[in-house]
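What follows is a set of notes on a single structure, which appears directly below.
The values are calculated or read from the model by the stated rules, or taken from the named source; none is laboratory data. Just so it is clear, the structure is predicted and the values come from calculations on it, not from any experiment. Ideal geometry is used to build each Cβ from the backbone, glycine not excepted, and the neighbour counts take in all protein chains shown. SASA here: full protein model, heavy atoms, side chains in, ligands and nucleic acids out. Shrake-Rupley method; radii C 1.70, N 1.55, O 1.52, S 1.80 Å.
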Amino acid sequence: MNVKEIVAAIKAEKPEITSVYFVGCGASQSDLYPGKYFLEANARKLRTSLHTANEFVYSTPAAVGPDSIVITCSLSGGTPETVEATKKAMSLGAEVIAVTIDENSALAKAAKYQIIHGFYKDYAAKMEKMTNVVALACEILHAYEGYEHYEDMQDGFAKIYDLINNSVKTLLPRAQAFGKEYKDMPMLYVMSSGATAMVAYSFSMFLMMEMQWVPSSSYNSGEFFHGPFEMVDKDVPYLLLMNDGPTRPMDARALTFLQRFDAKVTTVDAKDFGLSSAIKSTVVEYFNPILLSGVLRMYAEQLSIERNHPLTMRRYMWKLEY
């Protein structure tokens, strides 16, 4: 079943839904955030929240029940904590949708509905997980409350993959320069805002700390001036993800400060890839994380090449009992 069919089936069975929960671990939890952000920004009645899977199991929100939709996400479909969270939501009578690449995985089998997506074909395919989650959020909102910019969102979904793949065709020189300039960095600060805030978190936590063993921290650009900016100094390394849309002034303000004190800053700007020329202004902010996360993969790849540290290298993950 696709996104529209799943939501239609839920609506036919449950004419009233009051809450939508997004549940996952690691990068998959980050990929859920844009869907949660979209609902939070547009829903007038539906309540929504995002949870790491084990916390959902150990401290389950009291409102989870028959009038809830729970969207769980794991790339492989085998993340034990997310499988348990899916079973927990099912046991409470929620309508549970699993998002994964493997229809035969434990996650897919534990949920009532499944969204099976790609990943390996190209850079755009790596964003199918996040895109399907945003599409689910949009479809749920439209089904239960109505959404005036629904058609603009559908138009955006039809265009975003081509935009990602076209963008990376010209990106290699910039990504290579990032790899060369940052390969010996002792640490990296990563910032963004709005729907892209957890793309910054994901790049910091997983592509840097997990996959490169580089100490890293991430901030919402709106929080930068409430503490973290004290770390700014000449040549301190930053990566700033700049949005095209309403939260851009927050990113621009941070950039001005970083440049003022000669920090070593690389910007990855949605405007540089023509996001607003492809996506309607009414919904452009919700496509920032899909585009920026898609192109950032190339930056991580080039850094890993320069550091002679493959993105697949691990010390502990999958190697120890933990």
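Top mean-square fluctuation among TYR150, TYR113, TYR33, Gaussian network model of the chain, C-alpha springs under 10 Å?
The residue that fluctuates most here is TYR150.
Hand me the GluC sites (Glu not before Pro) from the range 1-84 located in a DSSP loop with no more than 10 other Cβ atoms within 10 Å, in residue order please.
Working: sites: GLU5, GLU13, GLU16, GLU40, GLU55, GLU81, GLU84; in loops: GLU16.
Filter output for the range 1-84: GLU16.
Please give the per residue volume of the convex hull enclosing the alpha carbon atoms of the range 48-91, rounded to a whole number of Å³.
Working: hull volume 3.1 nm³, N = 44.
For the range 48-91, the hull spanned by Cα atoms encloses 71 Å³ per residue.
Express the C-alpha Rg of the range 175-270 as a ratio against the empirical globular expectation 2.2 N^0.38 Å, rounded to two decimals.
Compared with the compact-globule rule of thumb, the range 175-270 sits at 0.99.
Can you bin every Cα-Cα distance in the range 236-312 into 5 Å intervals starting at zero and give me the percent of pairs per bin, rounded to whole numbers?
3, 15, 22, 19, 18, 14, 8, 2, 0
For a quick check: with amide H placed at 1.01 Å from N, whose amide H comes under 5 Å from THR267's, ignoring anything fewer than 5 positions away on the same chain?
It is LEU240, by chain and number.
Can I get the semi-axes of the range 237-276's equivalent ellipsoid? Compute them from the C-alpha gyration tensor as square roots of 5 times the eigenvalues, in angstrom, largest first.
For the range 237-276, the ellipsoid semi-axes come out as 19, 11, 6 Å.
Cross-link list LYS45/LYS112; LYS112/LYS271; LYS4/LYS319; LYS14/LYS87; LYS14/LYS271; LYS159/LYS234: which exceed 31 angstrom alpha carbon to alpha carbon?
LYS112/LYS271; LYS4/LYS319; LYS14/LYS271; LYS159/LYS234
Relative contact order of the chain: what whole-number percent is it, with Cα pairs under 8 angstrom and at least 6 residues apart?
In percent, rounded to a whole number, it is 17.
So which GluC sites (Glu not before Pro) in the range 129-209 pass both tests, a DSSP loop state and at most 12 other Cβ atoms within 10 Å of the Cβ?
Here the GluC sites (Glu not before Pro) that fit, given the DSSP loop and packing criteria, are GLU148.
Checking a compactness column here: for the chain, what do you get for Rg(Cα) / (2.2 N^0.38 Å), N being the number of residues?
Dividing the Cα radius of gyration by 2.2 N^0.38 Å gives 0.98.
Quick one: accessible area per residue over the chain, 1.4 Å probe, rounded to a whole number of Å²?
Accessible area per residue, the chain: 44 Å².
Using amide H atoms built 1.01 Å from N in the peptide plane, name the residues 5+ places from THR48, or on other chains, whose amide H lies under 5 Å from its own.
Under 5 Å from the amide H of THR48 lie the amide H atoms of VAL20, each far enough along the sequence or on another chain.
From the helices alone, meaning DSSP H stretches of at least four residues, give me the mean residue ellipticity at 222 nm for the chain, per-run term -39500 (n - 2.57), in deg cm²/dmol to the nearest 500.
Rounded to the nearest 500, the figure is -13500 deg cm²/dmol.
Over the range 1-95, what is the mean sequence separation of C-alpha contacts under 8 Å (at least six apart), divided by residue count, expressed as relative contact order in percent?
34
Using a cut-off of 15 Å between beta-carbons, work out the net charge of the residues near ILE10 (Lys and Arg +1, Asp and Glu -1, ILE10 not included).
Summing Lys and Arg as +1 and Asp and Glu as -1 gives -3.
Loop only per DSSP, at most 14 neighbouring Cβ atoms within 10 Å: give me the GluC sites (Glu not before Pro) in the range 282-322, ordered by residue number.
Here the GluC sites (Glu not before Pro) that fit, given the DSSP loop and packing criteria, are GLU321.
Can you give me the three principal axis dimensions of the range 1-140 from its C-alpha atoms, in Å, biggest first?
38, 29, 25
Roughly how tilted is helix 3-13, in degrees to the nearest 10 and between 0 and 90, from the longest Cα axis of the chain?
Relative to the chain, helix 3-13 is tipped by roughly 30 degrees.
Enter the Cα centre distance for the pair the range 7-47 and the range 122-138, rounded to the nearest angstrom.
Spelled out, the Cα-based centre of one part sits 14 Å from the other.
Place a +1 charge on the Cβ of each Lys and Arg in the range 63-137 and a -1 charge on the Cβ of each Asp and Glu, then give the dipole magnitude about the Cα centre in debye, rounded to the nearest 20.
With Lys and Arg at +1 and Asp and Glu at -1, about 40 debye.
Could you tell me which residue out of THR60, TYR144, MET127 lies farthest along the dipole of the chain toward its positive end? Charges go on the beta carbon: Lys and Arg +1, Asp and Glu -1, centred on the Cα centre.
MET127
Return, for the Cα atoms of the range 64-175, the radius of gyration and Dmax in Å, separated by a comma.
Looking at the range 64-175, its Cα Rg and Dmax stand at 16.1, 51 Å.
Which ³J(HN,Hα) values, rounded to whole Hz and listed in residue order, are derived for the range 249-256 from phi using the Karplus coefficients 6.51, -1.76 and 1.60 in 6.51 cos²θ - 1.76 cosθ + 1.60 with θ = phi - 60°, glycine and proline given as x?
Values per residue, Gly and Pro as x: x, 5, 5, 5, 5, 5, 4, 4 Hz.
Counting only protein heavy atoms and using a 1.4 Å probe, what share of the accessible area of the chain belongs to carbon plus sulfur, as a whole percent?
Carbon and sulfur together cover 51 percent of it.
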